[in-house]
Amino acid sequence: SQVKNRKPYWYSITTQPTALPRIVVPEHFDRRYPATLLTAKRPEVVLDKLFVVTPHDPNFAELLLASLNSLLVTSQVELRGRTNLGEGVLEMKRADWDNVLVPSPEALDRQSRQLLKEAFAPARARETTLISEELGDSDRMSFDLALLDLLGLHDPETARISLERDLRAAVSERRERAASVGDAKASKATVARVATNVDAYATRIAATLEAYPDPRAYVPAGCEERLILVGGAIDGELTIGEDLLSQGMVFAGGQAVAEAGDLESAQFVQAVLRHDPDLSAVPVPAVPSALDQVIGAWREASQEWLERFDRQVEKVAGALVDPRAKAGVRERALSLLHGS
């Protein structure tokens, strides 16, 4: 009876017309950004395996679309999705989408909303590719940086790089998990042999690239500098304190080794000590504007270097089926090149 009453054709589906914009998100998700905007009065029918996100305020549809297609939200989707479909595809139920956090457009002032729209516009205007390729796009990186900055992060660039690394690793593990388990069952010796060759793969990668950019290379000649004293041995991972009590301090293995006074100076000291851990003092540009220019140039060079580094990792270690072995190769190569 339902088919009989369909007009004008038996396969026609009657829906209520809507004057509101809708954002469509999938139940099944793989390697592309998830959200698509259907503007007001568009006739498309959303069927099973898709969900509709309707903004409370139609004026916020573009902002919501931008947030849902950001690195921040894609990382949440990767963590919340359920990989129970085989072939590494994520399944996102309604409850999973309900728990994905996005910046509230109402909490942003007009200038911030406009800034976010403008940052997203280049990616919005073109056809997007796989997430793994989009993450290296300059327009996409600028947009993700703008979003993280509006959220009030002390160091949005470091946060973006960390999110990108984690997302790439999670996607790789999800897609290769079935193959990895299959190979492990078929030949445990093969997996063990790959694990012992992490250093060999990492050395091959390190041999083809120059070292991670050193911020000292971007300090102009004659720039006024101040010395930041380094106390204690550099033993362990170099990190920067960001809370109220440790802001501007540099730590090695959890022990404070330098007090730079501000985050950008601490970043400078951290990057220099990765190259020269035996230094007892690090000269840092004393004028804030000069330091800003140096850090900006260094960050830009670091982004370009990381893109080339990831391409080389994929070229050398892309055939490894064990995601943990591949991640180990990447981290070891990064360490050899003074990137971590």
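Sum up the lysine pairs in the chain that clear both bars: alpha-carbon distance under 24 Å and a spacing of 8 or more or different chains.
Eligible lysine pairs with Cα atoms under 24 Å apart amount to 7.
When a/c is below 1.5 the answer is rounded, else prolate if a/b is larger than b/c, else oblate, so apply that to the chain with a ≥ b ≥ c taken from the square roots of the Cα gyration tensor eigenvalues. The shape class here is oblate.
Run through region 286-340 and list the GluC sites (Glu not before Pro) located in a DSSP loop whose Cβ has at most 15 other Cβ atoms within 10 Å.
none
Pairing the Cα long axis of helix 288-317 with the longest principal axis of the chain, what angle in degrees results, from 0 to 90 and rounded to the nearest 10? Taking Cα atoms only, the helix is inclined about 70 degrees.
Who wins for biggest fluctuation among Y218, Y33, Y201 in a Gaussian network model of the chain, springs between alpha carbons below 10 Å? Greatest mean-square fluctuation among the candidates belongs to Y218. Backbone amide hydrogens, once placed in the peptide plane, bring L38 within less than 5 Å of R22, I23, V24, excluding anything fewer than 5 places away on its chain.
Find the centroid of the Cα atoms in region 262-309 and in region 210-231, then give the distance between the two in whole Å. After rounding, the separation between the Cα centres reads 7 Å.
Using a 1.4 Å probe, what is the accessible area per residue for the chain, in Å²?
Dividing the accessible area of the chain by its residue count gives 55 Å².
Here the sum of -39500 (n - 2.57) over DSSP H runs of 4 or more residues, divided by the residues of the chain, equals -15000 deg cm²/dmol at 222 nm, to the nearest 500.
When the solvent-accessible area of the chain is split by element, carbon and sulfur atoms take up 52 percent of it, the probe being 1.4 Å. Each peptide in 129-137, 97-105 was scored by the mean count of other Cβ atoms within 10 Å over its residues; highest first, the order is 129-137, 97-105. Note the angle between two axes, namely the Cα long axis of helix 323-336 and the longest principal axis of the Cα atoms of the chain, as a number of degrees from 0 to 90, rounded to the nearest 10. Orientation of helix 323-336: about 30 degrees from the principal axis. Put simply, the amide H of G339, placed in the peptide plane, has neighbours under 5 Å in Y212, leaving out anything fewer than 5 places away on its chain. Placing R0 at 25 angstrom, the Cβ-Cβ distance between A256 and E106 gives a FRET efficiency of 0.05 after rounding to 0.05.
The values are calculated or read from the model by the stated rules, or taken from the named source; none is laboratory data. Fair warning: this is a prediction, and the values are worked out from it, not measured in the lab. Here the Cβ is made from the backbone with ideal geometry for all residues, glycine too, and neighbour counts use every protein chain on show. For the accessible areas, the whole protein counts, side chains as well, though only heavy atoms, and no ligand, DNA or RNA atoms are used. Shrake-Rupley method; radii C 1.70, N 1.55, O 1.52, S 1.80 Å.
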